[in-house]
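Read the figures in this text as sums done on the coordinates, not as results from a lab. Small disclaimer: the values here were computed from a predicted structure and weren't measured. Using ideal geometry, Cβ is built from the backbone for each residue, glycine included, and neighbour counts are taken over all protein chains shown.
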Amino acid sequence: MSSSPHIFEATMENFQQEVMDASSTTPVLVDVWAEWCAPCKQLMPLLEKLAIEYEGAFRLAKVNADEQEQLTTSLGVRSLPTVIMVKDGQAVDGFNGALPESEIRKVLEKHVELPEEAPYEKAHRIWEEGDVDEALAILTEMNRKDPENMKVLIDLAQLKAESGDIETAEQVLESLPPEEKLQHQAKQLAARIKFLKQSAELPPMKDLEMALEQNPKDPNALHLLALHNVLQDKNAEAMELLIKLMQVDSKYKDEVAKTTLVELFEKLGNNNPDVRVYRRKLYTLMH
């Protein structure tokens, strides 16, 4: 059960008050689910995430179909999961099955007003969604208003690098105060710039994959294919190839596999689950 105040368990006893009556002031999204229902388990984390993100603009009422058979029947539910939007005491919308997040958002947008998003959070969200140009525009404006904000400046440099302007990104990195260069965000930028500069020299992935098919211990192919995966943010695949390279030849190109792994660890941060796994593998190989 989520600890969010915007998510609650709906029952036959509280449904009138917590859903029907309460929906006159705040829309309520009713999710009818069951423990045995696989699509229900795919859908519920998305609904919970959105309920938290919308910060109370709507509430999420979870109805366990097995425990609330009478309520489920009264709602006319015929398949699971069933999601019903209740507003002003009426069912105004809904859907069946596990929709993708983008489709759920479309349903919500018709009935719920999304809280205003802070510019920095918005820039990161649309960056993650792939809209680099819009994220760049937001961060550029933020940097213009507050040029001393190092977080914004470094993110802006990272976006510049990803957009192909590696020279500007390097200039930003070099201009940072010495103490700032030691911070995780700056180390991430440095690693990203290095990987992007190396990408210009990489042969096609297909050629490298063919080389590994012919010789699974080809150190050059292992190294370069790992770099390809880094640039595509396939970090676990990259780290696996680098571990294989260490097993094949740990001294290859002045221990480039170990060096690249450490750079990847810095880029992703200690809390990344893949980093924890492959840091242990690296430690085991070295000892």
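So if I take the centroid of the Cα atoms in the range 61-119 and the same for the range 252-281, what is the distance between those two points in Å?
If you average the Cα positions of each part, the centres end up 43 Å apart.
Please report, to one decimal in angstroms, the Kirkwood hydrodynamic radius of the range 205-286 built from all distinct Cα-Cα pairs.
On the way: mean 1/r = 0.0796 Å⁻¹.
Computed over Cα pairs of the range 205-286, the Kirkwood hydrodynamic radius comes out at 12.6 Å.
Can you tell me what percent of all Cα-Cα pairs in the range 119-199 are more than 23 Å apart?
On the way: 441 of 3240 pairs.
Percentage above 23 Å: 14.
Can you tell me the relative contact order of the range 7-111? Whole percent, Cα pairs under 8 Å, sequence separation 6 or more.
Details: 166 pairs, mean separation 38.5, N = 105.
Dividing the mean separation by the residue count of the range 7-111 yields 37 percent.
Got the relative contact order for the chain handy, in percent, Cα pairs under 8 Å and 6 or more residues apart? Working shown, then result.
Details: 352 pairs, mean separation 32.5, N = 287.
Averaging sequence separation for qualifying contacts and normalising by length gives 11 percent for the chain.
How far is helix 132-145 tilted off the main Cα axis of the chain, in degrees rounded to 10, range 0 to 90?
Approximately 90 degrees, to the nearest ten.
Let a ≥ b ≥ c be the square roots of the eigenvalues of the Cα gyration tensor of the chain; is it rounded (a/c under 1.5), or, if not, prolate (a/b larger than b/c) or oblate?
Details: a/c = 2.93, a/b = 1.80, b/c = 1.63.
Verdict is prolate for the chain.
So how tilted is helix 205-214 from the main axis of the chain? Cα-based, degrees 0 to 90, rounded to 10.
70 degrees
For the range 128-147 and the range 1-50, compute the distance between their C-alpha centroids and round to whole Å.
Here the answer is 35 Å between Cα centres.
Among 223, 111, 287, which comes first, then next, by fewest other beta-carbon atoms within 10 Å? Present the calculation step by step, with values, prior to reporting the outcome.
Details: 223 21, 111 15, 287 5.
Least to most surrounded, the residues fall as 287, 111, 223.
Rounded, prolate or oblate: which fits the range 1-105, taking a ≥ b ≥ c as square roots of the Cα gyration tensor eigenvalues, rounded meaning a/c under 1.5, else prolate when a/b beats b/c? Present the calculation step by step, with values, prior to reporting the outcome.
Numbers: a/c = 1.38, a/b = 1.04, b/c = 1.33.
Because its axes are fairly even, with a/c under 1.5, the range 1-105 counts as rounded.
Could you order peptides 171-179, 41-49 by the average number of other Cβ atoms within 10 Å of their residues, highest first?
41-49, 171-179
Under a straight-distance cross-link criterion of Cα-Cα below 22 Å, which lysines are reachable from residue 49, leaving out those fewer than 8 residues away in the same chain?
Leaving aside lysines fewer than 8 places away in the same chain, those within reach of residue 49 are 41, 62, 87, 106, 110, 122.
When only Cα pairs under 8 Å and 6 or more residues apart are kept, what is the percent relative contact order across the range 119-199? Numbers along the way, then the final one.
Numbers: 72 pairs, mean separation 18.0, N = 81.
Result for the range 119-199 is 22 percent.
Out of 118, 284, 193, whose Cα points farthest toward the positive end of the dipole of the chain (charges: +1 Lys, Arg; -1 Asp, Glu; placed on Cβ)?
Of the candidates, 284 comes out farthest on the positive side.
By how many degrees, between 0 and 90 and to the nearest 10, does the Cα long axis of helix 38-53 differ from the longest principal axis of the chain?
In the chain, helix 38-53 runs at an angle near 90 degrees to the longest axis.
Have a look at 65, 268, 147 and report the one farthest towards the positive end of the charge dipole of the chain, computed about the Cα centre with Cβ charges (Lys/Arg +1, Asp/Glu -1).
Farthest towards the positive pole: 268.
Give the residue from 97, 138, 203 lying farthest towards the positive end of the charge dipole for the chain; charges sit on Cβ (+1 for Lys and Arg, -1 for Asp and Glu) and the dipole is referred to the Cα centre.
The listed residue farthest towards the positive side: 203.
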